[in-house]
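In what follows, a structure is listed as structure tokens, so that the remarks can point back to it.
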Amino acid sequence: MTARRTSLATASLLLVASVSSAQTTDSIPRLVADVRGASVGLPTSAGWTPLVPTGTEVPSRALGFEVGAHLRVARVGPISVGIGAAYLTARGTATPAPPEPTTTPPTPLPDVSTRLTTIAPQLSLNFGRRLGWSYLSVGLGQGRVRSEASGPASPATPPMVDREWSRTLNYGAGARWFITDRFGVGFDLRWHQLAAVSAAPSTPAAPRQTMFTAGVGISLQ
């Protein structure tokens, strides 16, 4: 009886090991989708934000969300090549601190709010297996910035900058780990580089600017 139990236990362990080995050596899935919360860098240069009085705070980071999907299209040795896209949006607001009491009334400063939206196509190189892999990716997409000063502002300066969609380079890296065959978690570290924009009749020129975003969330395959 003992020998039989030992044989059954050994066979069970071999079966589990065989299944685990098959899972860990599977190629990454054909399609994966991501939903993440993100800490998003915002543009702070004049041109992307309104011209405001000296000392005005401008938001430089905000919480936002990102959704995306990626498709595996080829495999070259240990590397899987994928294509995909992600949509990211975030809005941040900076409010001036209360002025200190003085005999001279302080100059009032406005609140400034900025929203960044990007659509980021990506070409990715993926390293790993079905239940866990890392990647490097890069792409050229579009980004839009809308920034507004509210409250006291210079009457000679438009209180809002509403940019049209402009060329935006994105590049970064991340990883995904799957807890089950379908559900996993992942993170993404990415830089978004807004291209410089020429001056228009109603808006000033805006310089090239790069922002860093860090996202974490769930992945589905």
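The values are calculated or read from the model by the stated rules, or taken from the named source; none is laboratory data. Just so it is clear, the structure is predicted and the values come from calculations on it, not from any experiment. For neighbour counting, all protein chains shown are included, and Cβ atoms are generated from backbone atoms with ideal geometry for every residue, glycine included.
Just one residue in the set V185, V145, V216, V197 is farther than 30 Å from A74 by Cα, touching a residue at least 12 places away in the same chain (Cβ under 8 Å) and either touching a Gly at 6+ places or on another chain (Cβ under 8 Å) or surrounded by fewer than 18 Cβ atoms within 10 Å (Cβ to Cβ) (or both); that residue is V197.
Within segment 173-204, work out how many residues are in a loop (DSSP other than H, G, I, E, B), over 20 Å from Y87 (Cβ atoms) and either modelled with pLDDT of 95 or more or not acidic (D, E) (or both). Steps first, please.
Of the residues in segment 173-204, the ones in a loop (DSSP other than H, G, I, E, B) are 179-182, 195-196, 198-199, 201-202, 204.
Filter once more, so that each one left must be over 20 Å from Y87 (Cβ atoms): 179-182, 196, 198-199, 201-202, 204.
Cutting the leftovers down to either modelled with pLDDT of 95 or more or not acidic (D, E) (or both) gives us 179-180, 182, 196, 198-199, 201-202, 204.
The number of residues fulfilling the criteria is 9.
Put simply, of V52, V19, V73 the only residue that is of a type in the set (A, V, I, L, M, F, W, C) and modelled with pLDDT of 90 or more is V73.
Can you go through P96, P43, P101, P78 and tell me which one is surrounded by 14 or more Cβ atoms within 10 Å (Cβ to Cβ) and modelled with pLDDT under 95? Talk me through it step by step, then tell me what you get.
Working: P43 fails: modelled with pLDDT under 95; P101 fails: surrounded by 14 or more Cβ atoms within 10 Å (Cβ to Cβ); P78 fails: surrounded by 14 or more Cβ atoms within 10 Å (Cβ to Cβ).
Of P96, P43, P101, P78, the one residue that is surrounded by 14 or more Cβ atoms within 10 Å (Cβ to Cβ) and modelled with pLDDT under 95 is P96.
Looking at L169, L136, L116, which is the one that is surrounded by fewer than 16 Cβ atoms within 10 Å (Cβ to Cβ), of a type outside the set (K, R) and either modelled with pLDDT of 90 or more or out of contact with any strand residue (DSSP E or B) (no Cβ under 9 Å at 6 or more places or on another chain) (or both)? Step through it out loud before you land on a result.
Numbers: L169 fails: surrounded by fewer than 16 Cβ atoms within 10 Å (Cβ to Cβ); L116 fails: surrounded by fewer than 16 Cβ atoms within 10 Å (Cβ to Cβ).
Matching residue, one of L169, L136, L116: L136.
When each of L131, L63, L51, L125 is tested for being in contact with a strand residue (DSSP E or B) (Cβ under 9 Å, 6 or more places away or on another chain), farther than 19 Å from W165 by Cα, surrounded by fewer than 15 Cβ atoms within 10 Å (Cβ to Cβ) and not β-branched (V, I, T), the lone residue that passes is L63.
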